[in-house]
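Chemist: Quick one: the structure is below, and I'll ask about it shortly.
Derivation of every value follows stated rules applied to the coordinates shown; laboratory data play no part. Keep in mind that this is a model prediction, so the values were computed, not measured. Counting neighbours? That spans all protein chains shown, and the Cβs are built from the backbone with ideal geometry, glycine included.
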């Protein structure tokens, strides 16, 4: 019986494992090895680790778990079953592991548009977050590919980093007020269909359109939908917010006792450093819950009338 099984070995899961290991908890960390940012050349905004390749951060994080006896497993969690007093984690559809608590740090998936060249350039010169990759595109011409208010907002946000922003709507027509706001801030709009990206070794050079000249650019930012990497939270009965992420309290606890969710799967600020902080807080919350179960907390005094 484990005290907690952590599903997902990114910054959130590793941070939680470190805290729980230092609390002398028996922890199993399961990781399928497919992080959202695996194709990125470097992560940014993580102090002392700015510019570190994402997989290198994972390697360093795993190394730090060794002194605390944390078990790590390279495998895919295929089910999380909830019993009367415990959970069972199924790994690779065959191994069943009992645990008192579950921490889901499975993250999300970006639903990339089906545009030729996007896959080849993603993580190199095609990005989704200006806070993560805007600095590298400072003062350079960039294109935004997307539709709706999200794409308009992303285009305006990028003006913080560069004056040369072109919104490629791929056939979508912005509303009048959106056009006016974009025009005021000098964002060009191209509504023709996007046929593909011209690139070399993942470095985009221009966006090819169905009509008119291509859009010359050094980088592309995409506004695309996101989905949960796993549906464990939904199957366990967790509540979701209007953004489609799991509803938790400030420590990552869900409405289901014993189930915690941290990282990109739970919050709307999707930074590696924020995910790590959420993991640490959840580690403390889980340890306190286990202490309470063992009677290691002071009983509350009865309320007086």
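Chemist: At a 10 Å Cβ-Cβ cut-off, how would you order 224, 30, fewest neighbours first?
Modeler: Working: 224 15, 30 22.
So the residues, fewest neighbours to most, are 224, 30.
Chemist: Taking the chain as a Gaussian network, Cα atoms linked when under 10 Å apart, which of 63, 239, 216 shows the biggest mean-square fluctuation?
Modeler: Of the options given, 63 has the highest mean-square fluctuation.
Chemist: Considering only DSSP beta bridges where both residues belong to the range 137-284, give the percentage that are antiparallel (nearest 5). All intermediate terms of the calculation are to be shown ahead of the outcome.
Modeler: Numbers: 10 of 21 bridges.
Once the DSSP bridges in the range 137-284 are tallied, antiparallel ones form about 50 percent.
Chemist: Placing one identical point scatterer on every Cα of the range 112-222 and ignoring solvent, what is log10 I(q)/I(0) from the Debye formula at q = 0.14, 0.15, 0.16 Å⁻¹?
Modeler: These q points yield log10 I(q)/I(0) values of -0.47, -0.54, -0.62.
Chemist: Name the residue, out of 188, 85, 125, whose mean-square fluctuation peaks in a Gaussian network model built on the chain with Cα pairs under 10 Å.
Modeler: 85
Chemist: Now for a different question. Roughly what would the spin-label model give for residue 109 and residue 135, points 7 Å off Cα along C-beta, in nm?
Modeler: 3.1
Chemist: Starting from the alpha-carbon convex hull of the chain, give the projected area averaged over all orientations, in nm².
Modeler: The orientation-averaged projected area of the Cα hull of the chain comes to 20.1 nm².
Chemist: Please give the contour-minus-distance gain from residue 47 to residue 240: 0.36 nm per residue of separation, less the Cα-Cα distance, rounded to one decimal in nm.
Modeler: Difference between extended and current length: 66.4 nm.
Chemist: I need to check one value: relative contact order of the chain, counting alpha carbon pairs closer than 8 Å and at least 6 residues apart, in percent.
Modeler: RCO, the chain: 21 percent.
Chemist: A further question follows. Rounded to whole Å and sorted largest first, list the principal axis extents of the Cα atoms in the range 33-161.
Modeler: 54, 34, 25 Å, listed from the longest principal axis down.
Chemist: Still on this structure, please answer the following. How much of the DSSP bridge set in the chain is antiparallel, in percent, rounded to the nearest 5?
Modeler: Percentage antiparallel, nearest 5: 45.
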